[in-house]
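Computed from the coordinates by the stated procedures, all read-outs in this text should not be read as laboratory data. If you're wondering where the values come from, they're calculated on a predicted model, not measured in any experiment. Every residue, glycine among them, receives a Cβ derived from its backbone with ideal geometry; neighbour counts consider all protein chains shown.
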There are 2 protein chains.
Amino acid sequence: MSFSFNIEKELIGTRARAGVITTPNGEIKTPSFVVVGTKATVKSLSPEEVKGLGGQVVLANTYHLYLEPGEERVKRSGGLHSFMNWDGPTMTDSGGFQAFSLGVAYGAGIGKLLKKESKEIEEEEKTPPLAKITEDGVAFKSHIDGSEHFFTPEKSINIQQSLGADIIFSFDECTSPYATHEYQKEALLRTHRWAERSLNAHQKEISKQALFGIVQGGRHNELRKESAQFMVSLPFDGFGIGGSFEKEDIDKAVGLVNDILPKQKPRHLLGIGEPEDLFNGIEQGVDTFDCVAPTRIARNGQLYTKNGKINILNAKFKDDLSTLDDGCGCFACENYTRAYLAHLFRAKELYGLRLASIHNLYFIVHLVNSIRDSILDGTFHKLKKNFFAGYGK
Amino acid sequence: MSFSFNIEKELIGTRARAGVITTPNGEIKTPSFVVVGTKATVKSLSPEEVKGLGGQVVLANTYHLYLEPGEERVKRSGGLHSFMNWDGPTMTDSGGFQAFSLGVAYGAGIGKLLKKESKEIEEEEKTPPLAKITEDGVAFKSHIDGSEHFFTPEKSINIQQSLGADIIFSFDECTSPYATHEYQKEALLRTHRWAERSLNAHQKEISKQALFGIVQGGRHNELRKESAQFMVSLPFDGFGIGGSFEKEDIDKAVGLVNDILPKQKPRHLLGIGEPEDLFNGIEQGVDTFDCVAPTRIARNGQLYTKNGKINILNAKFKDDLSTLDDGCGCFACENYTRAYLAHLFRAKELYGLRLASIHNLYFIVHLVNSIRDSILDGTFHKLKKNFFAGYGK
């Protein structure tokens, strides 16, 4: 099967739609939450468990797999599907975000955003990453061994071709939302030239891989518009919407972009995954999402419940014989108590991380799947209202 | 069902036998390798996976569960079976070994054996653990928070009653094999008095739990004999054979003890689990074994194969597209290559620990299960010869 996207139903009064993306390795019923398997493994889980919790598609990371084990090894193993034994659809990102955020040796990177207070960052990040970003690409040092590497759009596409995912992304620069307008504009135009080069590299051979172009533009609406308009002019199979958003920007920026992007092509919102963002993103016309949050917070003991997040390390859960989230149908909730999970986390047992990851992924994947159902049967607004009545916002 | 043991077949010319232990939670076909689930979880694995790899029975640890989460919490969860969601037979040890080896704050403990050269230990351990071993029991400090605790035979049995395993063990002192004969004799007599007290504590209420007495005696044959003879005089449901053996002692000491123990009661060899020890132990009349080795070495990247152990971190495996162990039917071997496992270990991915644990447990559990089959169909010696022709010895 080649790549296609079909819209089944649109939700009147919003930009939301339910559809089906078809890939050579199966269908993705959208809206869908893409399960992140950064290093060709979904943290602690088997592919069978990912399927069992409702996962339809796995996204692996180009930067990480390039460094370890190397894309050629994955290719010799028969590609990402075969290497990790996942027989459903797959995606790889372009590696740009990680080269900037993890491979930060050269200059200020967006990774620092995660560790500092906003004000501090604002000052620092007004200076663009002097760094080794050139017209040709980006130089970075491996976060593993400090070795030097250079990614170009062509290199990113070649790596992604070796990895062999069904959906791949064009190489882009994800700027800090605190960068100056001047720098963001400059970076955006470069990202556009990189998009054209990504497309050329991709078309050099006949490919079954779908290539998505990434819209950037930071927090500036006119840059977002400009970026969307440019991307639409290129023959991409779909689009990613990238950038380190502030939470309040998601509604506006995403809707703005999606009004420009063609309806008949799928749209992926990169790195976003909290429940409120998922509802909002879908209302603004997003078809797929990916985010490491469900498994990352799971490893810290944080669990989604229909009444909001809880931390299983809280002392009160040591004696709580109820399930993690009443009514949840995941493997962890069907078989274990909060008391058991609290014990596993206190005892630092690996099985605790696994159960928490299963639960959180199930929660988020099923939430998006149920939003899809609600679009199809016209109960979206009711679902949203009921969800936030319990979850809080 | 109450506890029973039935021998199906004995292997002429050896002490080996195949049988069935019946417990309130199901059967254990012996010889059998007991899967260790120290803290009420088999490191990284689900109970379903433990069953899937052939595991029949899980052994949890009294010392660990007493400290965390506390035996009362396990009891309130419905006992060990319900707490950890394992519906097959279970065992708990007495906690003695761990109180001496982990709770070492008071004096020389056998735990130190693991970290020092033999000569160094010999000197040090000739001095008996002055420590807080009294006629009444043993004082120890928690390895978690340094808090002080006191185990008596009665306390150990009470904890094990709260945990609720099908098979429990009498409270014993596991001496260092380097302790003086004088000290070993003294400790042995105390262990015998503790065995009587364990039995009394156990009989105080009508119990479905089977209680095994533990034979000690270190490396001294006459102490081993004396211990076996004493234990046989008590109405235990079965016997454990304990002690920090040197490898070469297993054959002699175990055979010696089993010639004294009654044939019609099951015998468990504590903490032993390398392939050669399993064959030897079974030939000497052992019915069940437990050992943390399969999962512990798995977490260091060591994998059993029919040609001996390999370490998956060896560079050559990065490009090895063969299965972990050709012909192995475990989940890891059926689905992944050595190259993938090598990647997971290098990337420090939890799924690697899980696959390695599944493989090693499958290897050992199936080895013992196949030894059982070979006793039943008369091919034991052929199996042993073929195994070691490949595995080396």
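Quick notes on this one:
- Relative contact order of chain A, pairs being alpha-carbon contacts under 8 Å that are 6 or more residues apart, as %: 17
- Candidates A:VAL35, A:VAL57, A:VAL74, ranked by Gaussian network fluctuation over chain A, Cα under 10 Å, top entry: A:VAL74
- Neighbour-count ranking [beta-carbon atoms within 10 angstrom, fewest first] of B:ARG338, B:ARG267: B:ARG338, B:ARG267
- Mean separation of Cα contacts under 8 Å, 6 or more apart, over the residue count of region A:289-393: relative contact order %: 30
- Per-residue shielding of A:66-78, expressed as the average number of other chain Cβ atoms within 10 Å of the residue Cβ, stands at 3.
- Values of log10 I(q)/I(0), in the order q = 0.18, 0.20 Å⁻¹, for region A:190-243 under a Debye, Cα-only, solvent-free model: -0.56, -0.67
- Max mean-square fluctuation residue, GNM over chain B, Cα-Cα springs under 10 Å, options B:LEU344, B:LEU211, B:LEU324: B:LEU344
- Taking each DSSP H run with n ≥ 4 as -39500 (n - 2.57) and averaging over every residue of chain A yields -12500 deg cm²/dmol at 222 nm.
- Between identical copies, the spacing of A:GLY78 label points, each set 7 Å from Cα toward the C-beta atom, reads 4.0 nm from nearest to farthest.
- Relative to the dominant Cα principal axis of chain A, helix A:181-203 is inclined by about 90°.
- Estimated dipole of the protein assembly as shown in Debye, rounded to 20 [Cβ of Lys and Arg +1, of Asp and Glu -1, Cα centre]: 280
- Mean-position separation - Cα centroids, region A:346-392 and region A:151-211, in angstrom: 32
- Each other copy places its own label point for B:LYS208 at 5.4 nm from this one, sorted shortest first, where the point lies 7 Å along the Cα-to-beta carbon line.
- Selection from A:LEU355, B:THR62, B:ILE144, by position along the positive dipole direction of the protein assembly as shown (Cβ): A:LEU355
- For the axis carrying chain B to chain A: nearest C-beta residue of B, whole Å: B:LEU350, 3
- Charge context of A:VAL232, other residues only, Cβ under 12 angstrom, K/R +1, D/E -1: +2
- Here the dipole of chain A is about 580 debye; that uses its Cα centre as origin and unit charges on the Cβ of Lys and Arg (positive) and Asp and Glu (negative).
- Cα-centre dipole for region A:299-387 with unit charges at Cβ (Lys and Arg positive, Asp and Glu negative), debye to 20: 340
- Over chain B, the pair-distance histogram of Cα-Cα distances with 20 Å bins from zero comes to 28, 60, 12, 0 percent, rounded to whole numbers.
- Largest GNM mean-square fluctuation among B:GLY243, B:GLY218, B:GLY78, using chain B with Cα springs under 10 Å: B:GLY78.
- Beta bridge orientation in the protein assembly as shown: antiparallel %, DSSP, nearest 5: 45
- Annotation for A:ASN6, label-to-label distances across the other copies: 6.0 nm (shortest first, one decimal, point 7 Å from Cα along Cα→Cβ).
- Ranked packing of A:22-34, A:370-382, most packed first, by mean Cβ within 10 Å: A:22-34, A:370-382
- Debye log10 I(q)/I(0) for region B:130-171, one point scatterer per Cα, at q = 0.28, 0.32 Å⁻¹: -0.98, -1.04
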